[in-house]
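J.: One structure, pasted below without further comment.
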Amino acid sequence: MSNGKSTKELIKDGNYQEAMEQAEAEARHLVEKKLERTKIREYFCQIKEIATELKAGKKTVDQAKVKLLKMKAKAAYDSKRQGVKGVDALKPLIDVFVERVKNLRSNPEEFKKEVLGFCDFFECLVGYHYFHSAKE
């Protein structure tokens with residue numbers, strides 16, 4: 001943990017660079033919780049799509065927020081679905097990020113910066129998750 005903070009706390013603070021440094025430990029935890037590669041990729045693809053659309057100016061902040069809120073709801077649903085393992089360990093990271101950015105309507109550039117930072121963290125998480133799940 002960086003400065004004694006958990007990854008969740010770092011995301012809550014918007015410190016994505018330090019969160020990326022903890023991504024490997026988070027990924028190992030997700031592998032231990034049996035989160036499948038396809039499921040983590042599914043969530044990453046959603047975040048990546050939102051980030052790409054924001055960068056290209058194809059989505060407004062409000063449109064991106066709707067997608068993020070839907071992703072948060074999907075994580076809640078998946079975390080309780082029978083036969084879907086590990087999402088309950090990923091859900092808190094998604095929840096804290098969405099809560100952090102959902103009120104940034106008045107500052108689109110800050111919102112975009114936050115989404116891109118979380119996307120970078122998530123990309124590291126996926127890479128390490130793949131690495132550690134391949135060992136099993």
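The values are calculated or read from the model by the stated rules, or taken from the named source; none is laboratory data. Note that the coordinates shown come from a computational prediction; the quantities given were computed from them, not determined experimentally. Note: ideal-geometry Cβ built from the backbone for every residue, glycine included; neighbour counts use all protein chains shown. Just the protein is used for accessible areas: all its heavy atoms, side chains included, with ligands, DNA and RNA removed. Shrake-Rupley method; radii C 1.70, N 1.55, O 1.52, S 1.80 Å.
J.: When the range 42-61 is examined, which residues are found to be assigned to a helix (DSSP H, G or I), open to solvent by 70 Å² or more (accessible area, probe 1.4 Å) and modelled with pLDDT under 95?
T.: Of everything in the range 42-61, just one residue is assigned to a helix (DSSP H, G or I), open to solvent by 70 Å² or more (accessible area, probe 1.4 Å) and modelled with pLDDT under 95, namely Lys55.
J.: Could I ask something else about it? State whether one or more residues within the range 75-83 are open to solvent by 10 Å² or more (accessible area, probe 1.4 Å) and of a type in the set (Asp, Glu).
T.: Of all residues in the range 75-83, those open to solvent by 10 Å² or more (accessible area, probe 1.4 Å) come to 76-77, 79-83.
Imposing the further condition that a residue be of a type in the set (Asp, Glu) reduces the set to none.
Within the range 75-83 (the criterion being open to solvent by 10 Å² or more (accessible area, probe 1.4 Å) and of a type in the set (Asp, Glu)), the answer is no, since none of the residues qualifies.
J.: Residues of the range 94-126 being open to solvent by 10 Å² or more (accessible area, probe 1.4 Å), in contact (Cβ under 8 Å) with a residue 12 or more places away in the chain and either polar (S, T, N, Q) or closer than 17 Å to Cys45 by Cβ (or both), which ones?
T.: Matches in the range 94-126: Leu116, Asp120, Glu123, Cys124, Val126.
J.: Going through the range 15-32 one residue at a time, which ones are buried (at least 16 other Cβ atoms within 10 Å of the Cβ) and small (Gly, Ala, Ser)?
T.: Within the range 15-32, Ala19, Ala23, Ala27 qualify.
J.: Here is a further query. Suppose we filter Ala64, Ala89 for residues that are in contact with a Phe, Trp or Tyr (Cβ under 9 Å, 6 or more places away or on another chain), touching a residue at least 12 places away in the same chain (Cβ under 8 Å), of a type in the set (A, V, I, L, M, F, W, C) and buried (at least 17 other Cβ atoms within 10 Å of the Cβ); which single one remains?
T.: Ala64
J.: Of the residues Lys39, Lys70, only one is part of a helix (DSSP H, G or I), free of Cβ contacts under 8 Å to residues at least 12 places away in the same chain and within 14 Å of the chain's Cα centre (by Cα); which?
T.: Lys70
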